1. Which of the residues belonging to the stretch 49-91 are modelled with pLDDT under 95 and at positive phi?
2. Going through the stretch 99-108 one residue at a time, which ones are more than 7 Å from the ligand (Cβ to nearest atom), assigned to a loop (DSSP other than H, G, I, E, B) and in contact (Cβ under 8 Å) with a residue 60 or more places away in the chain?
3. Quick test for you: out of 46, 16, pick the one residue that is at pLDDT below 95, touching a strand residue (DSSP E or B) at 6+ places or on another chain (Cβ under 8 Å) and closer than 21 Å to residue 177 by Cα.
4. Hey, residue 83 hits all of (1) within 10 Å of the ligand (Cβ to nearest atom); (2) in a helix (DSSP H, G or I); (3) under 21 Å from residue 44 (Cβ atoms) but one; which does it fall short on?
5. Residue by residue through the stretch 161-199, note down the ones that are surrounded by 13 or more Cβ atoms within 10 Å (Cβ to Cβ) and either of a type in the set (Val, Ile, Thr) or more than 23 Å from residue 117 (Cα to Cα) (or both).
6. Are any residues in the stretch 109-139 within 21 Å of residue 68 (Cβ to Cβ) and in a loop (DSSP other than H, G, I, E, B), and if so, which ones?
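The values are calculated or read from the model by the stated rules, or taken from the named source; none is laboratory data. Just so it is clear, the model here is predicted, and its values are computed rather than measured. Here the Cβ positions follow ideal geometry from the backbone for every residue, glycine too, while neighbour counts run over all protein chains shown.
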Amino acid sequence: MDICKAEHINSASMLGAICMRCGYANPRPGIGSKQWVSFNLCDLRGRSIVQRCTGITPRMRRLALGGPDVVAWLKSDGVEFPAAWVKLRLDGRDGRGYTIRQVDKREGTIDIDFVLHYDGPDNGTVSDWARFARPGDQVDIRGPRAGGFRLLPDSKWIWLAADACALPAAQAIMESLPAGVEVHALFVVHDNDERQSARFRVG
Ligand SMILES: Cc1cc2nc3c(=O)[nH]c(=O)nc-3n(C[C@H](O)[C@H](O)[C@H](O)COP(=O)(O)OP(=O)(O)OC[C@H]3O[C@@H](n4cnc5c(N)ncnc54)[C@H](O)[C@@H]3O)c2cc1C
């Protein structure tokens, strides 16, 4: 079994590497890789409203975003592609990319897991917003952008590498895998308190 091409792993900035039989990792989701899909969904452009806030770890907080715009968009085909991502924008500032961790069509929400950045010169605009967000707060949302993972049909194994920000994408991908696909992964998080358990289909 070939190991992934190292230059691909090294060049990937967020979701580090996807390597299956072809050994290819694409650092630019949606462009040129068979593992990533571009899809035309009825674009979500509107306001999302925080429905629920859950602490995942000391440095990761999950917000369930809903409201009429999100509910309408959830009726489109393909919203559950693992690792699809949206742009969140606060008060006319530049948008920031965030992965849809999971969708709940019944409840009409998408979950996003926000890394809370405490260590830089500032805490991060969206990160800081997510840290203090309460039910009823609103944020502009656009997407999903091109991106979303699909497994090549005859894949036997997958290699994933992720930092904390890419962990929601990696988790969504892992949970989507059929039983029997072998997973090799390298996840880098701040400390032991940031470890999370992974869910797999058994087989
Ligand atoms: C496709 C895609 C999907 C993503 N999915 C997620 C996701 O699901 N969850 C998530 O938390 N992030 C995710 N990110 C990363 C997120 O977009 C960035 O971390 C973004 O910069 C955060 O915006 P901000 O306004 O909080 O901080 P910014 O204004 O961009 O940065 C200000 C300060 O925040 C701190 N900071 C911001 N980002 C980082 C970082 N990655 N590492 C260390 N310090 C940082 C630094 O101190 C920085 O100086 C994703 C990025 C992409 C491209």
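1. 78, 83, 91, listed by residue number.
2. The answer is 100, and nothing else.
3. 16
4. Evaluating residue 83 over (1) within 10 Å of the ligand (Cβ to nearest atom); (2) in a helix (DSSP H, G or I); (3) under 21 Å from residue 44 (Cβ atoms) leaves (2) as the failure.
5. 173, 174, 175, 176, 177, 181, 183, 184, 185, 189
6. 133, 134, 135, 136, 137
Results for (1) under 15 Å from the mean Cα position of the chain (by Cα); (2) more than 8 Å from the ligand (Cβ to nearest atom); (3) without any contact (Cβ under 8 Å) to a residue 24 or more places away in the chain, shown as yes or no for each residue.
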{"position": "97", "(1), (2), (3)": "yes, no, no"}
{"position": "126", "(1), (2), (3)": "no, no, no"}
{"position": "129", "(1), (2), (3)": "no, no, no"}
{"position": "190", "(1), (2), (3)": "no, yes, no"}
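Conditions tested, residue by residue: (1) crowded, with 18+ Cβ neighbours inside 10 Å; (2) within 10 Å of the ligand (Cβ to nearest atom); (3) closer than 30 Å to residue 180 by Cβ.
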position: 94; (1), (2), (3): no, yes, no
position: 114; (1), (2), (3): yes, yes, no
position: 139; (1), (2), (3): yes, no, no
position: 150; (1), (2), (3): no, no, yes
